[in-house]
Amino acid sequence: MCIRDRTGFDVLHLQTPGDNVQFEDMMKDLDHSREAVVVGFDKNLNYNKICLIGSYLQKGLKLFGTNPDRYTMINGFRMPGTGSIIRSVETACGAEAEIIGKPNPFLLEHLIEKNGLKKEECIMIGDNLETDMLLANRVEIDGLCVLTGVSCENMVRNSQTGKARYLSDHL
């Protein structure tokens, strides 16, 4: 699904500018046909890319973020998640991203409707109460929280935000 289907914006996909690319050269090639920038999980985020995003935002493009996950678990260690990346871009660029993915229900609701599914036949599987299970709650489908490190069983049992119907130690 194209972002334009629901937001009305023609979205820009940024390629990672190399470290040896001069800032002035990046500014010459701004694509003025786009209307929005989407920030998601990006292991290659660097200074040049943040500058490029900032340049587009100063030209009036809208800023979207895919999800506000503060961190992700990699080999048992907490590492910056998409939300951390989005917040760094927001801080550097003086803009606020609209979250279009989890826990915002519109993409999942669209997929359910487009595919003719019944909510009682759907389940959200994830490891994050704040986004995955909150999305399941907002869309009113069952949630399976996988206890792989982001959320632990105690957090699941005491959560006031995202409630999981099912728990699993692994998939």
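Does residue 144 fit the bill of being in contact with a helix residue (DSSP H, G or I) (Cβ under 9 Å, 6 or more places away or on another chain), crowded, with 17+ Cβ neighbours inside 10 Å and closer than 30 Å to residue 35 by Cβ?
Details: in contact with a helix residue (DSSP H, G or I) (Cβ under 9 Å, 6 or more places away or on another chain): yes; crowded, with 17+ Cβ neighbours inside 10 Å: yes; closer than 30 Å to residue 35 by Cβ: no.
Against the criterion (in contact with a helix residue (DSSP H, G or I) (Cβ under 9 Å, 6 or more places away or on another chain), crowded, with 17+ Cβ neighbours inside 10 Å and closer than 30 Å to residue 35 by Cβ), residue 144 does not qualify.
Scan region 115-171 for residues that are without any contact (Cβ under 8 Å) to a residue 60 or more places away in the chain and of a type in the set (Asp, Glu) and jot them down. Lay out the reasoning, then the answer.
The first filter runs over region 115-171 and keeps only residues without any contact (Cβ under 8 Å) to a residue 60 or more places away in the chain, leaving 115-129, 132-147, 151-171.
Across region 115-171, the qualifying residues are 120, 121, 127, 132, 140, 142, 153, 169.
Considering region 89-141 alone, what residues qualify as being part of a strand (DSSP E or B) and open to solvent by 40 Å² or more (accessible area, probe 1.4 Å)? Walk me through how you get there before you give the answer.
At the first step, the residues of region 89-141 found to be part of a strand (DSSP E or B) are 98-99, 123-126.
The answer is 98, 99, 123, 125.
Can you name the residue in region 38-60 that is farther than 12 Å from residue 93 by Cα and in contact with a strand residue (DSSP E or B) (Cβ under 9 Å, 6 or more places away or on another chain) and, of all such residues, is most open to solvent (accessible area, probe 1.4 Å)?
That would be 41.
The values are calculated or read from the model by the stated rules, or taken from the named source; none is laboratory data. Since this is a predicted model, take the numbers as computed values, not measurements. Cβ atoms come from the backbone with ideal geometry, glycine included; neighbour counts cover every protein chain shown. These area figures cover heavy atoms from the full protein model, side chains too; ligands, DNA and RNA do not enter into them. Shrake-Rupley method; radii C 1.70, N 1.55, O 1.52, S 1.80 Å.
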